[in-house]
1. Against the definition (more than 17 Å from residue 122 (Cβ to Cβ), assigned by TED's automatic domain parsing to the domain that holds residue 12, surrounded by fewer than 16 Cβ atoms within 10 Å (Cβ to Cβ) and out of contact with any Lys or Arg (no Cβ under 8 Å at 6 or more places or on another chain)), how does residue 62 come out, yes or no?
2. What are the pairs with Cβ atoms under 9 angstrom where one residue, in segment 43-60, is farther than 15 Å from residue 98 by Cβ and the other, located anywhere, is surrounded by fewer than 15 Cβ atoms within 10 Å (Cβ to Cβ) and of a type in the set (Val, Ile, Thr)? Sequence gap at least six, or different chains.
3. May I ask you to list the residues in segment 63-85 that are in a loop (DSSP other than H, G, I, E, B) and among the basic types (Lys, Arg)?
4. Report, ordered by the first and then the second residue, all pairs with beta carbons closer than 6 Å, sequence separation of six or more or different chains, a first member in segment 75-99 that is among the aromatic types (Phe, Trp, Tyr), and a second member that is in a loop (DSSP other than H, G, I, E, B).
5. Within segment 14-36, work out how many residues are in a loop (DSSP other than H, G, I, E, B) and in contact with a helix residue (DSSP H, G or I) (Cβ under 9 Å, 6 or more places away or on another chain).
6. How many residues does segment 2-11 contain that are touching a Phe, Trp or Tyr at 6+ places or on another chain (Cβ under 9 Å) and of a type outside the set (Lys, Arg)?
7. With respect to residue 61, is the statement that it is at pLDDT 95 or above and under 24 Å from residue 129 (Cα atoms) true?
8. Going residue by residue through segment 46-56, is there one that turns out to be closer than 25 Å to residue 150 by Cβ and in contact with a helix residue (DSSP H, G or I) (Cβ under 9 Å, 6 or more places away or on another chain)?
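The values are calculated or read from the model by the stated rules, or taken from the named source; none is laboratory data. The structure displayed is predicted, hence computed values, not measured ones. All Cβ positions, glycine included, derive from the backbone under ideal geometry; neighbour counts span all protein chains shown.
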Amino acid sequence: MTSAELKTMREALGLSAKWVADQVGVRLRTVQYWEAGRMPVPEDVALMLARIDAQYERAVDEALAAYRDQPNPPETVVLLRYRTDADLWHFRPDMKPLPASSHAALLSRLRRALWTAGVPSVIEYMDTGEYLAWLGARQDSEAMRAAWSAGSPTSRTRPS
């Protein structure tokens, strides 16, 4: 992986240089040297980013398949963006230790794929307090978050 490829891929994945440094146990300056071409990019770092990229691609493919498999898909797909790492990890523990910015990068890919497939979509922030109040004592799930997000923010009501 070249230095330019490292920086381009890191940014496209929504990851900071500090996050990469923390994950691989080096100083921020070391990542900056890799990105500047002053030091070669280690293979394990390139592989880590490639795995994350592949994870994003699988997630997009799975989301598109799930949309197509619905008997009555929504006219517009609402994609939820988490404001904080803590919210992301609470509702999407499969994404830990990735930061919320990486989830935003994933949403951007998914929105582009939906657009290419002719499916309108919108990205909205997840309002954790509002969602938890709507959810009540029921079990949280991806399906429940989808049901909640399908209603307009001003007219969401508790389903029976």
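1. Values: more than 17 Å from residue 122 (Cβ to Cβ): yes; assigned by TED's automatic domain parsing to the domain that holds residue 12: no; surrounded by fewer than 16 Cβ atoms within 10 Å (Cβ to Cβ): yes; out of contact with any Lys or Arg (no Cβ under 8 Å at 6 or more places or on another chain): yes.
No.
2. Here the result reads 44/24; 45/24, each pair linking segment 43-60 to a residue that is surrounded by fewer than 15 Cβ atoms within 10 Å (Cβ to Cβ) and of a type in the set (Val, Ile, Thr).
3. 83
4. 82/126; 89/96
5. Within segment 14-36, the subset in a loop (DSSP other than H, G, I, E, B) is 14-16, 25-27.
With the extra rule that they be in contact with a helix residue (DSSP H, G or I) (Cβ under 9 Å, 6 or more places away or on another chain), the set shrinks to 14-16, 26-27.
Number of matching residues: 5.
6. Final tally of qualifying residues: 2.
7. no
8. Yes; the residues of segment 46-56 include at least one that is closer than 25 Å to residue 150 by Cβ and in contact with a helix residue (DSSP H, G or I) (Cβ under 9 Å, 6 or more places away or on another chain).
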